Structures are given as C-alpha cells and as structure tokens.
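Below: the structure, in structure tokens.
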Amino acid sequence: MRRAPRLHWVSILLGLVVLMGVVSFHAYTAIRPEPVRHAGEHRQLPENTLALAFHGGPDPKWTPRVLDVLKETGIRATFFVTGTQVTRNPEVTRRIAEEGHRIGIDGFRAEGDHVTGLNRALAQAALADVLGAHTPLVGAPAEVDSGDRDHQDIGTLVRMSLRERGGVVRLHDDGSIGADIARELTRQPGYRFVAVTDEPLVTASGTERFTGAVTAWSQRNGGVVLVLFGTAIAIAALLGLLRTAMQLGLAHTDRRLRRESEADPPPWFAPPVSVVVPAYNEALNIAATVRSIAANDHLADVEVVVVDDGSTDGTADRAEELGLPGVTVLRQDNQGKPAALNAGISRARHDVLVLLDGDTIFEPDTIGQLVQPFADSAVGAVSGNAKVGNRKGLLGRWQHLEYCAGSNLDRQILHALRCIPTVPGAVGAFRRAAITDAGGVSDQTLAEDTDLTMAVTRAGWRVAYRPQAKAWTEAPSSLRGLFRQRYRWSYGTFQSMWKHRRALVESGPMGRFGLLYLLAFHLLLPLLAPVMDLYVLYGFLVADAPLAFVVWTAFLLLQTASAGYALRLDGESLKPLWAYPLQQLVYRQLTYAVVIQSVITAAHGTQLRWMKVRRTGLLGSAPGCGVPGSPAVVLEE
Amino acid sequence: MQVFVDGNGGRRVAAGAVSLSVACGLIVFAAVVAGTLLGAW
C-alpha cells in the first residue's frame, strides 16, 4: 500500500484562494469611490506656459477626440489615468503613450484612489499590463481648475483656465467638453504648451507585467468566474432541493406503505439463521457482540460463526471463552474481511445469513426483524437500521444525525425505488443463493458491502430495508477517525460504482436509479457544495452580507427541518437537532474533503488498505442497548 | 486486484507529476502576484 496522495490539497487550497482573489478583485474594481483631489506639489512653470492635465480617463469615446485635437495642434499633454480604466481601454491607453503624451496615475478606481500603497501598486500593474511600463508620476500637482465639471460655457471655461496666465490646467477627458476646451486653449495667442513632467515611463519588470496581466484578467473575467460559481451553486442547490423533495415524498410514501402492511401483517417468518461475524483485533468488542447475538429472541435456530481474520489480540480466544452454545470460532491467517466473510459463509449451515461487524451490538429482536422480508422469495438481501451507539459528544451527535437524516433516509428513498446500493456491514442479511449468484464476497473494493449489494441487485434479487431491525454501531470518536472511515466508505463506494458501471445499460433498477442517485448525491453534490460555501463566504466578506445570511439561513432551516423529519420517521428524539446547524462548519466540509480525496486517490490508482477506526467501546451506554456484558470501558485500537 | 488500482504504476507517476506541476505552478503564481503587489505596497 502506498500513502494516499496529499499534494492536491495544496493545489485545492491555493486554487480556492486564487479564485476568491479573482472574484473579490473583480468586485473591488466594480466599486467606484468618490473622487478625492489631493493638493499635489506646486509645479513651477514659466509665465504663459500651460500644461494640460486630463483626468477621468482613458475613455473609449472621448479620449480619442482629445487625442485628435492634440495631434492636430501638435501639443503634448499629460493624462492622469485610473487603473481600472486603463484595463478597460488598453488601446486608448496605448495611443496616449504612442503619441508622446505623458501618463500619470490618478488612482486605481477613481481620482485620489492611490493613497494606499496597494491601490497604487494595482494601478501601476494595470499600466504594466497594457504598456509594459509603470510611471513615476503619481497624483497630479497643484492645478488651475478649468471648471469643466461645473460649467458648460466654453468662454467661461477658457477664462477660468487662464486666470493665472499659466500653470497646470485641470481638464477631463471622460466627457465631450474636454476636447472642446483643449481646442479653444490651443487657439489662445501667446501660450506655450508643455507636459507636466518630462520623466518618461519606466520599463516594467517581468513580474510586474505578469502581475498586471493577472489583475487585468481578474478585472475583465471575474464576472465569468462568478457566473461559473453561480452555475455550480445552482446545480448544487437544485440537487439539494431535489434530494429534500425526494426525502419528503418517497420516504413518507415508504413509511405509509409500511404502516399499511403493519396493519395487516403477514405471518411471522422464522427461518433458521446463520450469523457470520468477521473480526480482526476486536478482542475488546467481540464478547459483547456475540453475547448480544446469543441473547436473540428469534423463533428458530441461530448459529453464530465468528471468523478471526488473523487477529493478534486474542479475539478468537475471547469469543471461545464465552462458551456460548451454537457459537463456532474459525481462525485464519489475515486475508481481509471479504475472505473472512466467505470463509464464514461456507462454514454456515443455514440459507439465511446475517452478516455483521465485530463491533456491532444487536437488540434481542434484531435477527427476527431482519429476516422478515425473506418471506418474499424475490428478496435476496435485507438492510437493517444501523444506529450510532456513542452519540454523547458533538461528533457522536453529528454522526447520529447523519445516520438518520442521511443514510437511513436515503435508504428509505432507495427502498422505494428498489435500488438500495448498500446493505451495511454492521447489520444486513443475505439469502445464500443471492450471494452465490453474486459470486461471493469480492475483495475488489474497500466497500465489500456495497459491492455485494450491487452484485445481488444486478443478479435480479430485490434488496429490502427493515428499519425495525436495529443494530448499534460504534462511530469514530475523533475527526481523524471519522475521516478515515468515511474515506474508505466513499472510495469503496466509487470503486463499486465503477465496477458495476454496466448496470447503467442494464434493465434493472440499480443502473436506472441506484447508480445515478449515488452519482448525483454522493459524488456530484459533495464536489459542488464547497463552491456554495465559498460563495457564502464571498457574500459575507465582499458582497451583500445580509443577503448571504438570509440565503444561508433559509437553506440551513430547510435542511434542519428535513433532518427533524428524518428523526421523526426513525422514531428518534428531536433533541440532538440543536447540533445540526453546527454541522455546517466542520462536519460538512469533512464530508466534502472525503469525496475529493477519494476521487484523487482513484485518479492516482493508489492501493489503499483497510483503515481501522480507533474504538472507544462506549456502546454499553447506547440508547436501547441493554445487552449484558456490553463493554463499559474505553477501548483502544 | 482492487478497482482503480494502477497495476504498473504509470498512472500513479503521471497523476503525481500533474499534481506536483499544478501545486508548484500555483505556488509560483501566488508568490509572484502577491510578492509583486506587496513589494510595490
């Protein structure tokens, strides 16, 4: 096994920072602050010498007219440009420079927007992108105001411009009047025209030009990036709403049909059952697991086959020491869970096989409930209702909520669509013939339960869900453990999807609904959802914070309501629901990270091994778990 | 053999090279842009 790839996280995090930078910069350039005039240094010019200083441009329509007038009269002027306008009008900017006029910086987004060094740097970057140079002239010197912002009469404007009989005359090239005043001033007798400065532009370095190209691209294309963001968010939101609608509709229908069948229940079905428990280093859990099975109230024979898959902690000894009747312990070299399951299945005597992990606790009626759907001879597998036992801490509550609002509700939807893709390893039952048709338990994926369930469905068997068959499983108690568990689940699910991809062109429900459901909600949605978080962050930090808050809250309320409905369907208390909003901050991002990591791992072709989760052994305190001998100590892996 | 697992290592090497190139490219990109702007600031 090679270490799972990690370098992509650098790319993803940096990529997100860059994207945020692009859209934030785009938004920043769209803001046009009020122009602020700063009293620059007084520039001494000889009497009857004028320096025409144009502000507000470059403008695509009016600046060329000014340039035409200056060209006709052979006068060199100075253009104090704003950085955003330079990026918007690169051709006009180039023409200014090519025709020998001087260029200064007025600001980045408006006149005076050069007080902070960053804005000055951004304006220079815009020039570097367009001209390959930056200017030493930042901010206009003290000027004689032509009054062209306040007056229209040319005569008045000329008089105002010449009232000091020389100096730097303040004009604007972002309106029609700029060219007219310039023409009139050039016709005044006795005046000489110079530029504000003779200092030429300074050639920009490669990094300045590159930075300029990046900021210019961001200014021009940030809107496109936002549209792409918006599209991804729209798809994610639609998928989210679709899933909620399906949850509300199909799960409700499924539950109603179930209630109707309960009103007139079929005869109780009680076939003999073989329970297969693969275990690897479960010494501290196995006794409680086996005792909970032995304490069943099933009406027919229940045989237990514990398969110790080369444990080094005495798991097999602990199981044998119990001395419980009907319990067989097999020992084998470590070959992996699928091999252990296959060994247990071959040893089992009965045709109905209950498979569970070595850290699961059954309730007394779990086995009896689990096998009821087998009364229908078309049913090849049955999923039970796995519940989180250690739900005391925040992480435990989150997982409990996810089991109910995510996995179990999903399972009810998929049951209604007849395409349950996973009979969980924690609590599931199979007909031997179905397993045989599927070719046994395969070791080609890390999610052997999903792989087997898909194979069984493709072989033509129905997979049922029995929510009354509850099993208490221990959820990881640390974020690291949770990541490792979900990583294996997610990666294994993708492996199974790929392995059974041909189901898409087959006539069964697995391809028509199951694979598409997984593709949409377990692959596409988690990959798109981070963009939504990013957009919310953008909304809060850059755009309209109140609107972002309202949208985010609306989605959160919808999801919380959906989770509450799921808890109610599952007969659970609504109390843990308070932890649901907090899920949005760490837990949800972790689930995205798992999917991203899985996709990257698949692309790399890395061989992963089974990642065992660190145990706490707190199942003894699980609600509804009154099994004598449940572990009461904290267990370590 | 498991699904997705690259038997001869070619895909792993190629994906690793792409991953390394993208990460390095982004690091250089971010360093140049941020460095230039901060320097001018």
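Looking only at helices (runs of 4 or more DSSP H) that lie completely in region A:307-378, which have at least 3 residues being touching a residue at least 12 places away in the same chain (Cβ under 8 Å) and within 41 Å of the chain's Cα centre (by Cα)?
Working: elements: A:315-321, A:337-347, A:366-370.
Because the criterion is at least 3 residues that are touching a residue at least 12 places away in the same chain (Cβ under 8 Å) and within 41 Å of the chain's Cα centre (by Cα), the helices (runs of 4 or more DSSP H) in region A:307-378 that meet it are A:337-347, A:366-370.
Can you confirm whether region A:604-627 contains a residue that is modelled with pLDDT of 85 or more, of a type outside the set (Ser, Thr, Tyr) and within 19 Å of A:Phe483 (Cβ to Cβ)?
Yes, there is a match, as at least one residue in region A:604-627 is modelled with pLDDT of 85 or more, of a type outside the set (Ser, Thr, Tyr) and within 19 Å of A:Phe483 (Cβ to Cβ).
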Selection within region A:229-285 - among the hydroxyl-bearing types (Ser, Thr, Tyr), crowded, with 16+ Cβ neighbours inside 10 Å and part of a helix (DSSP H, G or I): A:Thr244
Counted residues, region A:221-245 - those being at pLDDT 85 or above and under 25 Å from A:Thr560 (Cα atoms): 16
Among (1) more than 21 Å from A:His8 (Cα to Cα); (2) surrounded by 14 or more Cβ atoms within 10 Å (Cβ to Cβ) - the single one B:Ser19 does not satisfy: (1)
Total residues in region A:25-60, condition surrounded by 17 or more Cβ atoms within 10 Å (Cβ to Cβ) and either within 14 Å of chain B (Cβ to nearest Cβ) or not in a loop (DSSP other than H, G, I, E, B) (or both): 10
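Among the listed residues A:Gly389, A:Gly380, A:Gly358, identify the single one that is touching a Lys or Arg at 6+ places or on another chain (Cβ under 6 Å), of a type outside the set (Asp, Glu) and crowded, with 24+ Cβ neighbours inside 10 Å.
Working: A:Gly389 fails: touching a Lys or Arg at 6+ places or on another chain (Cβ under 6 Å); A:Gly358 fails: touching a Lys or Arg at 6+ places or on another chain (Cβ under 6 Å).
When all the criteria are applied, what remains is A:Gly380.
Can you tell me how many residues within region A:592-606 are in contact with a Lys or Arg (Cβ under 6 Å, 6 or more places away or on another chain) and within 13 Å of another protein chain (Cβ to nearest Cβ)?
The number of residues fulfilling the criteria is 3.
Is it the case, given these coordinates, that A:Ala416 is more than 25 Å from A:Ala348 (Cβ to Cβ), in contact with a Leu (Cβ under 9 Å, 6 or more places away or on another chain), away from chain B (no Cβ under 14 Å) and of a type in the set (Gly, Ala, Ser)? Show your work before the answer.
On the way: more than 25 Å from A:Ala348 (Cβ to Cβ): yes; in contact with a Leu (Cβ under 9 Å, 6 or more places away or on another chain): yes; away from chain B (no Cβ under 14 Å): yes; of a type in the set (Gly, Ala, Ser): yes.
Judged against the criteria, A:Ala416 is a match.
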Flag if A:Asn408 is closer than 27 Å to A:Ala270 by Cα and at pLDDT below 95: yes
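I'd like the residue in region A:431-445 that is over 15 Å from A:Ala340 (Cβ atoms) and more than 14 Å from chain B (Cβ to nearest Cβ) and, out of all such residues, is surrounded by the most Cβ atoms within 10 Å (Cβ to Cβ). Before you say what the answer is, go through the steps one by one.
Of the residues in region A:431-445, the ones over 15 Å from A:Ala340 (Cβ atoms) are A:431-434, A:436-439, A:444-445.
Now drop any that are not more than 14 Å from chain B (Cβ to nearest Cβ), which leaves A:431-434, A:436-439.
On the way: A:Arg431: 22, A:Arg432: 16, A:Ala433: 14, A:Ala434: 24, A:Thr436: 12, A:Asp437: 16, A:Ala438: 22, A:Gly439: 10.
Restricting to residues being over 15 Å from A:Ala340 (Cβ atoms) and more than 14 Å from chain B (Cβ to nearest Cβ), the top hit is A:Ala434.
Restricting to region A:496-532, count the residues that are hydroxyl-bearing (Ser, Thr, Tyr) and surrounded by fewer than 16 Cβ atoms within 10 Å (Cβ to Cβ). Walk me through it before giving the result.
Taking region A:496-532 first, the residues hydroxyl-bearing (Ser, Thr, Tyr) are A:496, A:507, A:517.
Checking the rest, the ones that are also surrounded by fewer than 16 Cβ atoms within 10 Å (Cβ to Cβ) come to A:507.
Count: 1.
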B:Ala30, sole failed condition from (1) surrounded by 12 or more Cβ atoms within 10 Å (Cβ to Cβ); (2) farther than 19 Å from A:Gln597 by Cβ; (3) more than 7 Å from chain A (Cβ to nearest Cβ): (3)
Failed condition for A:Gly190, given (1) within 14 Å of chain B (Cβ to nearest Cβ); (2) on the phi > 0 side of the Ramachandran plot: (1)
Test for A:Thr289: is it closer than 27 Å to A:Pro373 by Cβ, of a type in the set (Ser, Thr, Tyr) and within 35 Å of the chain's Cα centre (by Cα): no
Where A:Ile105 falls short, out of the listed (1) under 23 Å from A:Ser218 (Cα atoms); (2) part of a helix (DSSP H, G or I): (2)
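Give the residue, chosen from A:Leu608, A:Leu567, that is crowded, with 19+ Cβ neighbours inside 10 Å, in a loop (DSSP other than H, G, I, E, B) and hydrophobic (A, V, I, L, M, F, W, C).
Working: A:Leu567 fails: in a loop (DSSP other than H, G, I, E, B).
It is A:Leu608.
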Leading residue by the ranking (farthest from A:Asp173 (Cα to Cα)) among those in region A:93-133 that are among the β-branched types (Val, Ile, Thr) and either within 14 Å of chain B (Cβ to nearest Cβ) or touching a Gly at 6+ places or on another chain (Cβ under 6 Å) (or both): A:Thr116
Single unsatisfied condition, A:Arg102 versus (1) buried (at least 20 other Cβ atoms within 10 Å of the Cβ); (2) more than 17 Å from A:Pro58 (Cα to Cα): (2)
Residue in region A:449-461 that is out of contact with any strand residue (DSSP E or B) (no Cβ under 6 Å at 6 or more places or on another chain), within 14 Å of chain B (Cβ to nearest Cβ) and not aliphatic (A, V, I, L, M) present: yes
Tally, over region A:178-193, of residues that are over 59 Å from the mean Cα position of the chain (by Cα) and within 14 Å of A:Met160 (Cβ to Cβ): 3
Candidate set: region B:1-27, residues that are in a helix (DSSP H, G or I), more than 7 Å from chain A (Cβ to nearest Cβ) and not small (Gly, Ala, Ser); chosen: the one nearest to A:Gln444 (Cα to Cα): B:Val13
Test: residue in region A:197-215 that is modelled with pLDDT under 90 and crowded, with 21+ Cβ neighbours inside 10 Å: no
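The values are calculated or read from the model by the stated rules, or taken from the named source; none is laboratory data. For clarity, every value in this text was computed on a predicted model and none was experimentally measured. No Cβ is skipped: glycine too gets one built from the backbone with ideal geometry, and neighbour counts run over all protein chains shown.
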